[in-house]
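The values are calculated or read from the model by the stated rules, or taken from the named source; none is laboratory data. Bear in mind the structure is a predicted one, so any value in this text is a computation, not a measurement. We place every Cβ from the backbone using ideal geometry, glycine too, and count neighbours over all the protein chains shown. The accessibility values were calculated without ligands, DNA or RNA, using every heavy atom of the protein model including side chains. Shrake-Rupley method; radii C 1.70, N 1.55, O 1.52, S 1.80 Å.
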Amino acid sequence: MAVKVVLLDDEELVRGGIRLILDADPDIEVVAEGGDGSVAVDLVTKHRPDVVLTDIQMPRVGGLEVTRRLAALPEPPAIAVLTTFDLDEYVYAALQHGAAGFLLKDTPPRELANAVHVVARGEAMLSPRITTKLLATFSASTAAPQARSRVAELTAREREVAVAVAQGHSNAEIASDLFMSQSTVKVHLSRIMAKLDAANRTQVAIITHDAGLA
């Protein structure tokens, strides 16, 4: 079954280019697009996409507010923000509010399509290099006490998995490094997200970093 995508960007040329790239992948279907975040909830409610790609900066309603609105839905789609710069305070805020990751607008076509599949699987769309740089640049020290309180609820094994997630490792890499099956990794991740009150693995990475574990 094809991954259903809703695309939001106020620049029609950019939107059209991204759509052409995604439509070239037989396992991706762009079901709707819009030029402003104000239509995000309506489009998601109508088309039930697996993934929403949203520009971080749009004239009326930008990607940060889109992320907030969609994350509040009963069954939110995976959200990835599009940006011109690899480090942006708005991007970090979007990650904190539930976005699974971000894409640079100059991402090569093959990587763009692959990123959609990655985020549709529930994995973070951040490379280890970008994850480390992003968290180190924007993570607020004021969040540390709350983060430490949350991670205190984790078992030793769950902490190992959380640290691996914060380092940008995939489920397959975590399974190999910690000598467990990928299904066991998924079980641990579900428990970790519940205990940390995290919407996705990107938020797990942020909280783990804020707690000083990674």
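So if I check each of THR202, THR184, which one is of a type in the set (S, T, N, Q), part of a helix (DSSP H, G or I) and touching a strand residue (DSSP E or B) at 6+ places or on another chain (Cβ under 7 Å)?
Numbers: THR184 fails: touching a strand residue (DSSP E or B) at 6+ places or on another chain (Cβ under 7 Å).
Checking each option against the conditions leaves just THR202.
Check off (1) surrounded by fewer than 17 Cβ atoms within 10 Å (Cβ to Cβ); (2) more than 17 Å from LEU213 (Cα to Cα); (3) in contact with a helix residue (DSSP H, G or I) (Cβ under 7 Å, 6 or more places away or on another chain) for GLU153 and give me the number that stays unchecked.
For GLU153, the exception is condition (2).
I want to confirm something. Restricting to region 184-214 and keeping residues that are basic (Lys, Arg) and within 20 Å of HIS97 (Cβ to Cβ), which single residue is least open to solvent (accessible area, probe 1.4 Å)?
ARG201
With respect to SER181, is the statement that it is at pLDDT 90 or above, exposed (fewer than 14 other Cβ atoms within 10 Å of the Cβ), among the polar types (S, T, N, Q) and at negative phi true? Lay out the reasoning, then the answer.
Details: at pLDDT 90 or above: yes; exposed (fewer than 14 other Cβ atoms within 10 Å of the Cβ): yes; among the polar types (S, T, N, Q): yes; at negative phi: yes.
Criteria met by SER181.
Looking at ASP27, is it within 24 Å of ARG110 (Cβ to Cβ), of a type outside the set (A, V, I, L, M, F, W, C) and buried (at least 17 other Cβ atoms within 10 Å of the Cβ)? Steps first, answer last, please.
Numbers: within 24 Å of ARG110 (Cβ to Cβ): yes; of a type outside the set (A, V, I, L, M, F, W, C): yes; buried (at least 17 other Cβ atoms within 10 Å of the Cβ): no.
When the stated conditions are applied, ASP27 does not pass them.
This table checks each residue for (1) more than 25 Å from ILE174 (Cα to Cα); (2) charged (D, E, K, R); (3) in contact with a helix residue (DSSP H, G or I) (Cβ under 6 Å, 6 or more places away or on another chain).
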| position | (1), (2), (3) |
| --- | --- |
| ASP42 | yes, yes, no |
| VAL51 | no, no, yes |
| PRO76 | yes, no, yes |
| TYR90 | yes, no, yes |
| LEU112 | no, no, yes |
| ALA120 | no, no, no |
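What is the residue count in region 63-73 for residues that are open to solvent by 40 Å² or more (accessible area, probe 1.4 Å) and either in contact with a strand residue (DSSP E or B) (Cβ under 6 Å, 6 or more places away or on another chain) or more than 15 Å from LYS46 (Cβ to Cβ) (or both)?
Residues in region 63-73 being open to solvent by 40 Å² or more (accessible area, probe 1.4 Å) and either in contact with a strand residue (DSSP E or B) (Cβ under 6 Å, 6 or more places away or on another chain) or more than 15 Å from LYS46 (Cβ to Cβ) (or both): 4 in total.
Is it the case, given these coordinates, that ALA164 is at pLDDT 90 or above and open to solvent by less than 20 Å² (accessible area, probe 1.4 Å)?
Judged against the criteria, ALA164 is a match.
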